[in-house]
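Q: Can you read through this structure? Questions will come right after.
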Amino acid sequence: MKHVKTRPISMLVAALALATISGEPALAAPSYTATASPAHGGRSSAGTLPIGIVRASVRSLGRYLSGVDAGDTTAIRSFVEAKLAPHFDFPYMARWAAGPFYGRLTGRSRRALAEKIELMFVQALTRNLGVYSTPPPRVQVFPAVSRGPRGERVVRARVLPRAGYPILLSFRFYRSSGGAWRVFDVQANGFSALAYYRRYFAALVRRAGPGALSD
């Protein structure tokens with residue numbers, strides 16, 4: 001296949017797979033309202049396009065983990081918060097996770113829910129990167145493809161571990177009203193981070209009521 005890059009990836013894919021696999025199928029693309037708009041014209045540098053973001057994150061993470069103590073979770077978390085989390089749209093993930101209850105939340109509660117999901121994501125990724133081991137698997141990063149009428153882009157990556165079965169990741173991007181490409185979901189072998197959060201918070205509401213979404 002043309003334009004396929006193969007790189008050492010450290011534990012990025014394995015970590016994201018562990019953080020996102022939920023036993024739930026992938027959810028539909030977002031209806032881009034309020035904070036998003038379809039892709040528009042204009043030039044973008046390679047590093048700000050979806051495939052550039054994925055490749056740069058892979059390289060950055062590989063370099064970082066090669067020089068950090070795997071047990072230094074404080075340092076790893078700082079890296080995740082500074083370099084990886086900003087590419088994700090946690091407010092959108094919060095809207096989807098809350099489902100029909102989102103409309104009943106105050107602005108403050110919506111922000112609290114987005115912060116809670118970001119914290120869960122950062123903690124899961126930090127924890128899984130903390131068990132980093134060598135030799136790292138390799139990964140193929142495929143060119144972005146367009147999907148849907150609103151300009152969604154999907155960048156797929158195939159992990160080739162030293163042992164076991166390959167893992168297929170899909171990073172789903174939309175282009176925000178400000179022009180930046182943002183990740184709104186990650187799928188690992190077809191299982192979705194959004195689906196996990198929706199299932200998790202639905203169970204939380206059943207146990208403790210809608211107020212638990214932002215507690």
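The values are calculated or read from the model by the stated rules, or taken from the named source; none is laboratory data. Note that the coordinates shown come from a computational prediction; the quantities given were computed from them, not determined experimentally. Ideal geometry is used to build each Cβ from the backbone, glycine not excepted, and the neighbour counts take in all protein chains shown.
Q: Could you look through segment 75-110, keep only residues that are without any contact (Cβ under 8 Å) to a residue 12 or more places away in the chain and of a type in the set (A, V, I, L, M, F, W, C), and pick out the one that is farthest from residue 155 (Cα to Cα)?
A: Applying the filter and picking the extreme gives 75.
Q: Could you give me the residue pairs with C-beta distances under 8 Å whose first residue belongs to segment 161-186 and is within 19 Å of residue 151 (Cβ to Cβ) and in contact (Cβ under 8 Å) with a residue 40 or more places away in the chain, whose second residue is basic (Lys, Arg) and in a loop (DSSP other than H, G, I, E, B) wherever it lies, and which are 6+ apart or on separate chains?
A: 174/150
Q: Just to verify a result, which residue in segment 178-215, among those that are in a loop (DSSP other than H, G, I, E, B) and over 22 Å from residue 108 (Cα atoms), is modelled with the highest pLDDT?
A: Kept after step one, since they are in a loop (DSSP other than H, G, I, E, B), are these residues of segment 178-215: 178-180, 189-190, 209, 214-215.
If we keep only those that are over 22 Å from residue 108 (Cα atoms) as well, we get 178-180, 189-190.
Numbers: 178: 84, 179: 87, 180: 90, 189: 86, 190: 86.
This residue is 180.
Q: Just to be sure, is residue 79 more than 14 Å from the chain's Cα centre (by Cα), buried (at least 17 other Cβ atoms within 10 Å of the Cβ), among the aromatic types (Phe, Trp, Tyr) and at negative phi? Before you say what the answer is, go through the steps one by one.
A: Numbers: more than 14 Å from the chain's Cα centre (by Cα): yes; buried (at least 17 other Cβ atoms within 10 Å of the Cβ): yes; among the aromatic types (Phe, Trp, Tyr): yes; at negative phi: yes.
Yes, satisfied.
Q: Within segment 136-187, can you find the residues that are farther than 21 Å from residue 48 by Cβ and among the aromatic types (Phe, Trp, Tyr)?
A: 165
Q: Scan segment 112-119 and give yes if some residue there is over 20 Å from residue 195 (Cα atoms), at pLDDT 85 or above and of a type in the set (A, V, I, L, M), otherwise no. Talk me through it step by step, then tell me what you get.
A: Applying the first criterion (over 20 Å from residue 195 (Cα atoms)) to segment 112-119 yields none.
No - not one qualifying residue is present in segment 112-119.
Q: Somewhere in segment 173-192, is a residue out of contact with any strand residue (DSSP E or B) (no Cβ under 7 Å at 6 or more places or on another chain) and of a type in the set (S, T, N, Q)?
A: No; the residues of segment 173-192 include none that is out of contact with any strand residue (DSSP E or B) (no Cβ under 7 Å at 6 or more places or on another chain) and of a type in the set (S, T, N, Q).
Q: Residues to consider are 143, 86; find the one that is at pLDDT 90 or above and not in a helix (DSSP H, G or I). Even if it seems obvious, please write down each step before you answer.
A: Working: 86 fails: not in a helix (DSSP H, G or I).
None of the others qualify; the one that does is 143.
Q: Which of the residues belonging to segment 144-198 are in contact with a Pro (Cβ under 8 Å, 6 or more places away or on another chain), more than 21 Å from residue 96 (Cα to Cα) and surrounded by fewer than 21 Cβ atoms within 10 Å (Cβ to Cβ)?
A: Once the filter is applied, which keeps residues that are in contact with a Pro (Cβ under 8 Å, 6 or more places away or on another chain), more than 21 Å from residue 96 (Cα to Cα) and surrounded by fewer than 21 Cβ atoms within 10 Å (Cβ to Cβ), segment 144-198 yields 144, 158, 160, 161, 162, 167.
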